[in-house]
Amino acid sequence: MIEQDTIRLLRECDAGIKMGVDAIDDVLDYVHSDELHKCLTKCKDAHIKLKKEIQDLLESYHDEGKEPNLMAKGMSWIKTNVKLVMKESDETIADLITDGCNMGVKSLNKFLNQYKAADEQSKGITKRLAKLEEALTVDLRPFL
């Protein structure tokens, strides 16, 4: 049970990071402020570093990870592009990314509760990912 929950939790983190990095990539070309661009790039880099850690653990369990849900990814892309067409601004970008971070934190906590038998290392990674998301929402507040 521990191994199954650990793998499932790591898979969800893997999919969440992929979704987050894609979301940041989707908006970076529209960012006007150097400060916002730096903030998003720094967070993206931290996500990629954590993704490597997750992939190494998944490989140790002979697992390839998980891709984000195609429906969620598609809806996110549509929402991003529609909002940016209507109002291309740093405020819109901060709003979109904040919404994504809030959904990510909610999902990560749900998965922590769902996969209670996961090992402590995987739970720690999940909590670090949630803290990254929460910190980004704080960093984005001046742009809202």
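The values are calculated or read from the model by the stated rules, or taken from the named source; none is laboratory data. All figures in this text were calculated on a predicted structure; none of them were measured in a lab. Glycine gets a Cβ as well: all are built from the backbone with ideal geometry, and neighbour counts include every protein chain shown. Only protein heavy atoms, including side chains, enter the accessible area calculation; ligands, DNA and RNA are left aside. Shrake-Rupley method; radii C 1.70, N 1.55, O 1.52, S 1.80 Å.
Some values worked out for this structure:
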{"read-out": "Full-stretch length increase - I2, D34 - with 0.36 nm per residue and alpha-carbon distance subtracted", "value": "7.1 nm"}
{"read-out": "For the chain, calculated [θ]222 nm from helices alone, where every DSSP H run of n ≥ 4 adds -39500 (n - 2.57)", "value": "-28500 deg cm²/dmol"}
{"read-out": "C-alpha center-to-center spacing [segment 16-36, segment 110-136] in angstrom", "value": "22"}
{"read-out": "Dipole-positive endmost among L58, N109, T92 within the chain (Cβ charges, Cα centre)", "value": "N109"}
{"read-out": "Relative contact order %, segment 1-99, counting alpha carbon pairs below 8 Å whose residues are six or more apart", "value": "42"}
{"read-out": "Local electrostatic count at S107 - Lys and Arg +1, Asp and Glu -1, tallied over other residues with Cβ under 10 Å", "value": "0"}
{"read-out": "Heavy-atom SASA rank of E133, E35 (probe 1.4 Å, accessible area, largest first)", "value": "E35, E133"}
{"read-out": "Exposure of H37 as accessible area (Å², to 10), given a probe of 1.4 Å and all protein chains", "value": "80"}
{"read-out": "Within straight-line cross-link reach of K79, aspartates and glutamates at Cα separation under 12 Å, skipping those fewer than 8 residues along the same chain", "value": "D26, D95, D99"}
{"read-out": "Restraint check, K52/K131; K83/K106; K38/K106; K52/K106; K38/K73; K42/K123, Cα-Cα greater than 20 Å", "value": "K83/K106; K38/K106; K52/K106; K38/K73; K42/K123"}
{"read-out": "Residue-wise HN-Hα coupling along segment 88-93, computed from phi with Karplus coefficients 6.51, -1.76, 1.60 (Hz; x: Gly, Pro)", "value": "7, 7, 5, 4, 4, 4"}
{"read-out": "Within-14-Å neighbourhood charge of K87 [Cβ basis; K, R +1; D, E -1]", "value": "-2"}
